[in-house]
1. Where the second residue is open to solvent by 20 Å² or more (accessible area, probe 1.4 Å) and the first is outside any helix (DSSP H, G or I) and lies in region 36-65, which pairs have Cβ atoms under 6 Å and are six or more apart or on separate chains?
2. When you scan region 45-64, do you find a residue that is over 23 Å from VAL145 (Cα atoms) and at pLDDT below 90, even just one?
3. Could you look through region 14-33, keep only residues that are more than 25 Å from PHE84 (Cα to Cα) and either among the polar types (S, T, N, Q) or in contact (Cβ under 8 Å) with a residue 12 or more places away in the chain (or both), and pick out the one that is least open to solvent (accessible area, probe 1.4 Å)?
4. Residues that are at pLDDT 85 or above and within 30 Å of ASN46 (Cβ to Cβ): list the helices (runs of 4 or more DSSP H) wholly contained in region 84-195 that include at least 1 such residues.
5. Report, ordered by the first and then the second residue, all pairs with beta carbons closer than 6 Å, sequence separation of six or more or different chains, a first member in region 1-13 that is within 14 Å of ALA68 (Cα to Cα) and modelled with pLDDT under 90, and a second member that is in a helix (DSSP H, G or I) and of a type in the set (S, T, N, Q).
6. Can you tell me how many residues in region 34-44 are touching a helix residue (DSSP H, G or I) at 6+ places or on another chain (Cβ under 9 Å) and either surrounded by 21 or more Cβ atoms within 10 Å (Cβ to Cβ) or farther than 18 Å from ILE144 by Cβ (or both)?
Amino acid sequence: MERTEALLIDHLREGDETALAPLVEKYKRMVHRLAMQITQNYEDANDVMQETFIKVYQSIHTFRQEAAFETWVYKIAVNEALNFVKRRKRRRESPLVTTDESEFHPDARQKAEMASDPQIQAEKTELRYWVTKAVNSLSLKHRIVVILHELEGLTHPEIASILNCSEGTVRSRLHYARKHLRTLLKPYVDANSDF
């Protein structure tokens with residue numbers, strides 16, 4: 001019998017270490033994808049993922065159940081990834097990792113199979129390149145908001161909770177990031193305006 005998430009959390013709080021494995025299984029792809037976006041390195045993302053779930057296990061007693069568990073895990077993962085980047089002491093900011101569309105949209109694989117036209121695929125590849133390049137040019141604080149909102153689909157209140165800032169700050173960063181992205185992508189959009 002499959003245990004529900006709430007029951008797993010209760011069991012984990014009571015010290016049942018076996019309750020962690022199903023939670024890890026449920027959230028590991030999300031955490032790894034987010035860590036890849038921030039650290040830009042597969043091995044570093046693995047380390048961040050491991051540290052995230054260690055922190056989940058060690059801090060489960062601090063989880064307040066009025067918040068969504070998923071949002072709490074996001075918060076830990078973002079903090080662990082940011083701390084990892086800071087520890088590396090790199091001045092350059094880590095770029096966005098291009099990810100297969102099916103990571104974010106499960107039905108994208110079917111759409112891709114239906115759209116087997118090489119020209120459409122080439123255009124999609126080019127668009128992905130330019131969008132990735134534009135997102136990479138954002139500062140880390142703006143890029144994280146774009147990743148969490150546009151790629152992960154989180155709401156402004158969820159992002160504010162994860163980043164420990166106000167919703168107004170989230171909106172402001174997202175507005176600035178979108179404005180900057182529009183400016184950067186304008187030449188690409190103008191060049192392809194006949195589509």
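1. Cβ pairs passing all conditions: GLN40/PRO95; PHE63/TRP72.
2. yes
3. Within region 14-33, the subset more than 25 Å from PHE84 (Cα to Cα) is 14-19, 22.
The next check asks that each one be either among the polar types (S, T, N, Q) or in contact (Cβ under 8 Å) with a residue 12 or more places away in the chain (or both); those that pass are 17-19, 22.
Numbers: GLU17: 123, THR18: 86, ALA19: 0, PRO22: 54 Å².
The extreme case among them is ALA19.
4. Numbers: elements: 108-114, 118-136, 140-146, 156-163, 167-191.
Ranges flagged: 140-146, 156-163, 167-191.
5. Within 6 Å, no pair qualifies.
6. 7
Yes or no, residue by residue, for (1) free of Cβ contacts under 8 Å to residues at least 40 places away in the same chain; (2) acidic (Asp, Glu); (3) touching a strand residue (DSSP E or B) at 6+ places or on another chain (Cβ under 7 Å):
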position	(1), (2), (3)
PRO118	yes, no, no
ALA122	yes, no, no
TRP130	no, no, no
VAL135	no, no, no
GLU158	no, yes, no
ILE162	no, no, no
SER166	yes, no, no
LEU181	no, no, no
LEU184	no, no, no
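The values are calculated or read from the model by the stated rules, or taken from the named source; none is laboratory data. In this text the structure is predicted, and so the values were computed from the model without any measurement. Glycine also receives a Cβ, built like all others from the backbone with ideal geometry; neighbour counts cover every protein chain displayed. Accessible surface areas use protein heavy atoms only, side chains included; no ligands, DNA or RNA. Shrake-Rupley method; radii C 1.70, N 1.55, O 1.52, S 1.80 Å.
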